[in-house]
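Trainee: If you scroll down you'll find the structure; I have some questions about it.
The values are calculated or read from the model by the stated rules, or taken from the named source; none is laboratory data. What you see is a predicted model; the values in this text were computed from it and never measured. Cβ placement follows ideal geometry from the backbone for every residue including glycine, while neighbour counts extend to all protein chains displayed. Areas reflect the complete protein model, heavy atoms only, side chains present, ligands, DNA and RNA absent. Shrake-Rupley method; radii C 1.70, N 1.55, O 1.52, S 1.80 Å.
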Amino acid sequence: MRQQSVLISGASITGPALAHWLHRYGFATTIVEVGPALRPGGHAVDIRGVARRVVEEMGLLPAIRAAGVHERGYALVNGAGRITGAVPADAFGGGGIVAEIEIMRGDLSEILYQATRDGTEYLFGDRIAELAEGTDGVEVTFGSGLVRSFDFVIGADGVHSGVRRLAFGPQARFVTHLGAYTGYFTVPDPGNLDDWFLMYNAPGGLVASLRPERGGTAKASLSFRSPELAYDRHDVQAQKEILAERHARSRWLVPQLLDAVWEAPDFYFDSISQVRVDRWSRGRITLAGDAGYCGSPLSGLGTSLSLVGGYVLAGELASTPDDHEGAFARYQDEMRGYVEQCMELPPGGISGYAPNSQLMISLRNISMGMVNHWPMRQIMAKQAGKADAITLKAYPA
Ligand SMILES: Cc1cc2nc3c(=O)[nH]c(=O)nc-3n(C[C@H](O)[C@H](O)[C@H](O)COP(=O)(O)OP(=O)(O)OC[C@H]3O[C@@H](n4cnc5c(N)ncnc54)[C@H](O)[C@@H]3O)c2cc1C
C-alpha cells in the first residue's frame, strides 16, 4: 500500500504529539513551523485526566515526570507579599489549580520534539502560503517558494492559525477575545518562592504570578484586562512596553519583574481568547489543538485537549485512511463533548481571574479560602472531572 503523507503546521504541543501517533500508524509526517527553531517559553501547563493516559501510551510519562515542576501548591499574595490563601497541590487528588503533572510548556514541547524528530521531517522557519486541494491530495506552496503535495494537511498552529485562515476563513469568525492579555517570561528566581506558585491581583484587573523552576530561574506572567488592542504581533519590544505601562503601579514583586522583562529571552504575549470552529475539517484539511478548539489559558485544559486531540485524530485517520471524510467526522464526534466541557471557563471567568476592584479581589480571595467547603468544593470537583470527560478508543497498532 502507498504510504500516505501528512503535513502538519505548527511545532508546539499539538503538532509533534500528532506526528508521534501518525508516524506510529505508518504515515509519512512533515511539520512546518514558522519559528526558526522550537519555541521556548511559557508557564507550566497541566497534563490531567485522560491526557495522562495518552502520554503514558506514548511512552513519555517518565520523561515528563522527570522534567515536571514540583510545586507545593497555589497561593494568593497581597501587595506586601503576605499569603492570603492557598490551595495545596494534592487538593482534589491532584485535580486542583496546580495539577499533579505540571511541566513547563517549553520542556514538554522539547520532549515531544525529541521523541519525533527521527521519524518526522521538520521544516523550521517556513509556513504554508497557499493550499490547493485536488481529488488526490493537497498542493502546498510554502512561504519559501517550495511546492509539495500531501495527502492531508493539519493545522496545529495555535489560536492565530494560518491553515484555518487559508482553508476556513478570517480569524475574526472563530476567535473570541475574552477581555485580557498576558505576557509570559523567564526571570531570575527571587529566592523566596518556597516552592509556591504565587499570584497577586491589583485593582483594575491586573494580575501577576510567579512560579519556581529549576536552575535559578522562575516563570513570571503579567496580565491585564483590556478590550482588543491593535498591536504588532511580531514586535516583542512594543508588547513589553504595553505590559510595563499597564503594570506601572502594581506592587508585590512586579517592579522587579518589570526590570527583568527587557532581558527575558523567551517573552510570549497574547490575548486570552477562545477558538470555536463549527466543522473542524474541509476535505483533506483539518484542525487540531488551539487552532480548532481553544478554551484559553483560563480553562487550564488546553494542553490536555491537544494531547488527546492528537491521539483521537491520528487514530481515526489510521482506522480508515481511505475514507478521510469519515475519519475526520468521527474525530469531531469523539471529541465534541470533551471539548465543550474543557472549554467551559471556571467560575467567574475573566472576572474571577482578574477582578476589577479591591472589593471583588477580597471576595474572590474569601471564596478561594473556602475550597474545601461547600459550594467551592463541589465547583472544584466539577472542574477536575472535565479532564476525564472522554473515553479513549483503542486504535489499531
Ligand atoms: C511560546 C508559547 C508559550 C505559551 N505559553 C503558554 C502558557 O504559559 N500557558 C498556557 O496556558 N498556554 C501557553 N501557550 C499555549 C499552549 O501551548 C497551547 O494552549 C496548548 O498547549 C495547545 O498547543 P498548540 O500546539 O495547539 O498551539 P500553540 O502552543 O499555540 O502552538 C502553535 C505553534 O504553531 C506555530 N505557528 C503559528 N502560526 C504558524 C504558521 N502560520 N505556520 C507555521 N507555524 C505556525 C507557533 O509558532 C507555535 O509553535 C503557549 C504557546 C506558545 C507558542
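Trainee: Projected onto the charge dipole of region 88-240 (+1 at Lys/Arg Cβ, -1 at Asp/Glu Cβ, origin at the Cα centre), which of Leu131, Tyr181, Pro88 gives the Cα projection farthest towards the positive end?
Mentor: Selected residue: Tyr181.
Trainee: Here's a follow-up. Over the chain, what relative contact order in percent results from Cα pairs under 8 Å that are six or more residues apart?
Mentor: Rounded, it is 21 percent for the chain.
Trainee: Can you give me the three principal axis dimensions of the chain from its C-alpha atoms, in Å, biggest first?
Mentor: Per principal axis, max minus min of the Cα coordinates gives 66, 43, 38 Å.
Trainee: Given only helices, namely DSSP H runs of n ≥ 4 each adding -39500 (n - 2.57), what is the per-residue ellipticity at 222 nm of the chain, to the nearest 500 deg cm²/dmol?
Mentor: Result for the chain: -10000 deg cm²/dmol, rounded to the nearest 500.
Trainee: Mind checking which of Leu307, Ala220, Met58 is farthest towards the positive end of the chain's charge dipole, using Cβ charges of +1 (Lys, Arg) and -1 (Asp, Glu) about the Cα centre?
Mentor: The residue sitting most towards the positive pole is Ala220.
Trainee: In vacuum, with every alpha carbon of region 254-319 counted as one equal point scatterer, what does the Debye formula give for log10 I(q)/I(0) at q = 0.15, 0.23 Å⁻¹? Two decimals, please.
Mentor: Taken in order of the listed q values, log10 I(q)/I(0) reads -0.64, -1.01.
Trainee: Could I ask something else about it? In Å and on Cα atoms, what radius of gyration and Dmax does region 14-152 show?
Mentor: Rg and Dmax of region 14-152, Cα atoms, are 19.6, 64 Å.
Trainee: While we're here: Hey, for a label at Glu139 modelled as a point 7 Å past Cα toward Cβ, could you say which residues of region 268-291 have their backbone N under 18 Å away?
Mentor: The answer is 284-285.
Trainee: Under a plain spin-label model, where a point goes 7 Å from the Cα along Cα-to-Cβ, how far apart in nm are Arg336 and Arg65?
Mentor: 3.7
Trainee: Right, next: Under a Cβ-only charge scheme (Lys and Arg +1, Asp and Glu -1), can you give me the dipole magnitude of region 105-224 about the Cα centre, in debye to the nearest 20?
Mentor: The calculation lands at about 460 debye.
Trainee: Right, next: Can you compute the modelled spin-label distance between Gln237 and Asp270, with each label point 7 Å from Cα toward Cβ, in nm?
Mentor: Inter-label distance under the simple model: 2.5 nm.
Trainee: With unit charges on the beta carbon (Lys/Arg positive, Asp/Glu negative), name the residue among Leu345, Ile154, Tyr231 whose Cα is farthest towards the positive pole of the charge dipole of the chain.
Mentor: Projecting each Cα onto the dipole axis, the largest value belongs to Leu345.
Trainee: List the GluC sites (Glu not before Pro) within region 239-287 that fall in a DSSP loop (any state other than H, G, I, E or B) and whose Cβ has at most 13 other Cβ atoms within 10 Å.
Mentor: Glu263
Trainee: Kindly give Rg over Rh for region 210-312, based on alpha-carbon atoms, with the Kirkwood expression for the hydrodynamic radius.
Mentor: Rounded to two decimals, Rg over Rh is 1.04.
Trainee: Report, in whole Å, the centroid distance computed from the Cα atoms of region 259-323 and region 131-150.
Mentor: About 22 Å separates the Cα centre of region 259-323 from the one of region 131-150.
Trainee: What does DSSP give for the chain in terms of the percent of beta bridges that are antiparallel, rounded to the nearest 5?
Mentor: Given both bridge residues lie in the chain, the antiparallel proportion sits at roughly 70 percent.
Trainee: Another question, then. Would any residue of region 246-290 have its amide N under 18 Å from a label point 7 Å out along Cα→Cβ of Asn192? List them or say none.
Mentor: The answer is 250-260.
Trainee: Also: Treating the beta-carbon of each Lys and Arg as +1 and of each Asp and Glu as -1, no other charges, what is the dipole magnitude of the chain about its Cα centre, to the nearest 20 debye?
Mentor: 960
Trainee: Tell me the accessible surface of Lys393 in square angstrom (1.4 angstrom probe, heavy atoms of protein chains only), to the nearest ten.
Mentor: Result for Lys393: roughly 80 Å² accessible.
Trainee: Would you tell me the accessible area of Tyr353, worked out with a 1.4 angstrom probe on the heavy atoms of the protein chains, in Å² to the nearest 10?
Mentor: For Tyr353, the solvent-accessible surface is approximately 50 Å².
Trainee: If you take every residue apart from Glu340 with its C-beta less than 11 Å away from the C-beta of Glu340, what net charge results, scoring Lys and Arg +1 and Asp and Glu -1?
Mentor: Spelling it out: positives minus negatives among the neighbours equals +2.
Trainee: Return the long-range amide H neighbours of Phe124 (sequence gap of 5 or more, or a different chain), with a cut-off of under 5 Å between placed amide H atoms.
Mentor: Distant-sequence amide H within range of Phe124: Glu33.
Trainee: Right, another one. Report, to the nearest whole %, how much of the accessible area of the chain belongs to carbon and sulfur atoms, 1.4 Å probe, protein only.
Mentor: 51
Trainee: On average, how much accessible surface per residue is there in the chain, in Å², for a 1.4 Å probe, leaving out ligands, DNA and RNA?
Mentor: Normalised by residue count, the accessible surface of the chain is 42 Å².
Trainee: Another question, if that's okay. Helix by helix, which DSSP H runs in the chain go 18 Å or more along their axis at the Cα atoms and have an average Kyte-Doolittle hydropathy of -0.5 or more?
Mentor: Membrane-span-like by this rule: 302-319.
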